1. Please give the helix 114-136 orientation as an angle from the longest Cα principal axis of the chain, in degrees from 0 to 90, rounded to the nearest 10.
2. The stretch 1-51: which trypsin sites (Lys or Arg not before Pro) are DSSP loop and have at most 15 other beta-carbon atoms within 10 angstrom?
3. What residues from the stretch 98-128 fall in the zone where the backbone N is under 18 Å from a label point 7 Å along the Cα-to-C-beta line of D58?
4. Modelling each spin label as a point 7 Å along the Cα-to-Cβ direction, I'd like the S12/D77 distance in nm, to one decimal.
5. Add -39500 (n - 2.57) for each DSSP H run of 4 or more in the chain, then divide by its residues: what number comes out at 222 nm, to the nearest 500 deg cm²/dmol?
6. Mind listing which GluC sites (Glu not before Pro) in the stretch 51-112 are in a DSSP loop and have 15 or fewer other Cβ atoms within 10 Å?
7. What is the distance, in nm, between label points placed 7 Å from the Cα along the Cα-to-Cβ direction at A20 and at D47?
8. Which FRET efficiency value, to the nearest 0.05, do you get for V119 and A69 by plugging their Cβ-Cβ distance into 1/(1 + (r/R0)^6) with R0 = 30 Å?
Amino acid sequence: METPPARSVSKSVTIDRPAAEVHAFLADAANWPRWAIINVLAAEPGDEPGWWRLSTPDGPAELRINADAATGIVDHDFRDESREWLATVPARVVGNGRGADFLMTITQPPGVSDAVFEVLLTSVETELATLKKLLESTSAGSAG
């Protein structure tokens, strides 16, 4: 029997920076602790090509970003330390006038309660606001 669709929520933020700059910033996992301030405490290149080791509030994890500048895609995969769990977060940077919209869809993992998922969604909103503030700051020209 097939699994029914899980709950998913799309979040977005409009950023007054060129789409190419926003994409380049997000495509570099080294930048994630600067904006994903709740869920990513530190990031360093991992042993496996394309994967980054993360320090998170829940312990070690790994991140892989599947970026394509031509389409604006910045999908990212998360896996926990055991590597038994993998979550893919579809994400995209879309041009919007002189700026860009960054959109991502978060899917509620199996076994995660609605209350815990709501906390995650709130943290994502905080992180998107941090991303906007960071990239719109006067020093953002060298943010990547």
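1. 20
2. R7
3. Counting only backbone N, you get 105-128.
4. 2.7
5. Calculated from helices alone, the mean residue ellipticity at 222 nm is -8000 deg cm²/dmol.
6. Taking the stretch 51-112 and a limit of 15 other Cβ atoms within 10 Å, the loop GluC sites (Glu not before Pro) found are E81, E84.
7. 3.9
8. 0.40
FYI, it's all coordinate maths here, none of it is from the lab. If you're wondering where the values come from, they're calculated on a predicted model, not measured in any experiment. Glycine also receives a Cβ, built like all others from the backbone with ideal geometry; neighbour counts cover every protein chain displayed.
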